[in-house]
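Working notes for the structure below.
The values are calculated or read from the model by the stated rules, or taken from the named source; none is laboratory data. It should be emphasised that the depicted structure is a prediction, and the values quoted were computed from it without experimental measurement. When we count neighbours, we look across all protein chains shown, and the Cβ atoms used for this are built from the backbone with ideal geometry, even at glycine. Just the protein is used for accessible areas: all its heavy atoms, side chains included, with ligands, DNA and RNA removed. Shrake-Rupley method; radii C 1.70, N 1.55, O 1.52, S 1.80 Å.
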Amino acid sequence: MRVRLGIATTFAVKRWPRPADWAPIVHERLGLRLVQHTLDLVEPPLGVGSVVTRSGAVRRAIADHDLEIHSTITGRAAAARCLLLHPDPEVRTEARLSFHRAIAFTERVGGIATGGHLGALASVDAGGDEATAARWRDVRAALTSLAIDARRAGLEYFVVENRPSAREASTMAVVRDLLRDGDDLHAPVRACLDLGHMWVAGTSGDDLDPYAWLRSFARVAPIVQVQQSDASADRHWPFTEEWNRLGRIHADPVLDALGEGGAEDVVLMLEVHPPSAQDDEGVVDDLVASVAYWREALARRGLGEG
């Protein structure tokens with residue numbers, strides 16, 4: 001099993017918005033190379049023009065600091081929207097087009113994958129009846145279009161992120177139903193597992209167990225977002241001694257579960273959301289400690305990382 005360590009740029013939102021701001025932190029302070037670029041940092045929000053203008057800034061920064069954009073991902077702004085599950089068809093169409101623009105942006109910055117939060121059911125469609133089924137059919141149809149576009153753009157796969165709400169893709173059954181293998185025309189649709197999202201009210205059993213998710217999806221989840229969290233909320237805490245005492249995400253069980261599930265090549269993306277009031281140097285210190293925590297575990301177990 002090959003395991004590499006990278007970082008999602010969610011830590012940089014509202015602090016280090018320009019690639020020239022966050023890139024030296026990743027390279028010089030954290031010593032990492034792989035980056036998952038959150039689309040929250042594309043300001044104004046990703047449009048036809050910003051695909052070109054903002055991708056250029058990213059390319060320059062990663063070249064200057066010897067980084068690699070592994071993938072792009074929807075961020076916290078998109079997570080507040082219904083997107084592909086919106087009850088109005090024109091909104092669903094615009095959401096699909098925004099994902100097509102994300103594919104174009106990802107191609108331009110050299111990433112191999114994009115995707116993330118696909119959407120949330122509105123109350124009117126969340127009753128578990130035909131309306132619910134229709135919205136998920138819309139999502140599957142959109143994924144077909146996006147998989148074709150991703151293949152044309154040379155991406156290796158498109159990802160679906162498990163989410164922390166019953167109105168989203170939050171159970172193993174729902175997420176697995178959205179995944180598919182690729183072919184000559186379609187890129188594969190794979191999972192991006194966020195280990196802090198398995199606490200959804202109304203779910204039970206393995207759906208609440210991040211390690212069960214890892215064992216079940218290890219072969220079809222090439223990206224695992226690691227955040228320290230508990231079973232009560234989506235915390236996005238760092239992996240410091242203080243938060244490790246409170247959280248339930250620990251390196252050895254994560255790596256054990258991936259191995260038991262048959263993972264072959266996986267990237268662990270550190271995804272920390274620092275409090276707005278935390279000082280900048282404290283944020284970096286927490287990231288340094290988090291990287292050290294995962295590096296030590298990988299080295300101790302003889303697993304390669306980049």
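Just a few scattered comments:
- Count of residues meeting criterion [among the hydrophobic types (A, V, I, L, M, F, W, C) and free of Cβ contacts under 8 Å to residues at least 40 places away in the same chain] in region 234-275: 3
- Residue satisfying condition, being closer than 27 Å to residue 36 by Cβ, in a loop (DSSP other than H, G, I, E, B), more than 16 Å from the chain's Cα centre (by Cα) and not basic (Lys, Arg), within set 141, 150, 166, 173: 166
- Criterion violated by residue 202 - all others in (1) at negative phi; (2) open to solvent by 10 Å² or more (accessible area, probe 1.4 Å); (3) not β-branched (Val, Ile, Thr) satisfied: (1)
- Selection of region 236-262 for residues being within 15 Å of residue 210 (Cα to Cα) and not in a helix (DSSP H, G or I) yields 236, 247, 248, 249, 250.
- Residue tally, condition surrounded by fewer than 21 Cβ atoms within 10 Å (Cβ to Cβ), in contact (Cβ under 8 Å) with a residue 40 or more places away in the chain and not in a loop (DSSP other than H, G, I, E, B), over region 178-199: 1
- If you filter region 64-81 down to residues that are assigned to a loop (DSSP other than H, G, I, E, B) and among the charged types (D, E, K, R), you find that the one that is surrounded by the most Cβ atoms within 10 Å (Cβ to Cβ) is 81.
- Scanning region 205-242 for residues that are open to solvent by less than 30 Å² (accessible area, probe 1.4 Å) and under 14 Å from the mean Cα position of the chain (by Cα) returns 221, 222, 223, 224, 225, 226, 227, 236.
- Scanning region 1-41 for residues that are farther than 18 Å from residue 292 by Cβ, in contact (Cβ under 8 Å) with a residue 60 or more places away in the chain and open to solvent by 40 Å² or more (accessible area, probe 1.4 Å) turns up 1, 2, 14, 15.
- Some residue of region 62-73 being at pLDDT 95 or above, within 26 Å of residue 272 (Cβ to Cβ), touching a Ser or Thr at 6+ places or on another chain (Cβ under 8 Å) and of a type in the set (Gly, Ala, Ser): yes
- Residue pairs whose Cβ atoms lie under 6 Å apart, sitting 6 or more positions apart in sequence or on different chains, and linking a residue in region 70-99 that is under 21 Å from residue 170 (Cβ atoms) to a partner that is open to solvent by 30 Å² or more (accessible area, probe 1.4 Å) and basic (Lys, Arg), are 84/92; 85/135; 86/92.
- Residue selected from region 42-53 under the condition in a helix (DSSP H, G or I) and of a type in the set (A, V, I, L, M, F, W, C), by the criterion most open to solvent (accessible area, probe 1.4 Å): 48
- Given (1) assigned to a loop (DSSP other than H, G, I, E, B); (2) crowded, with 18+ Cβ neighbours inside 10 Å, index of the condition residue 302 fails: (2)
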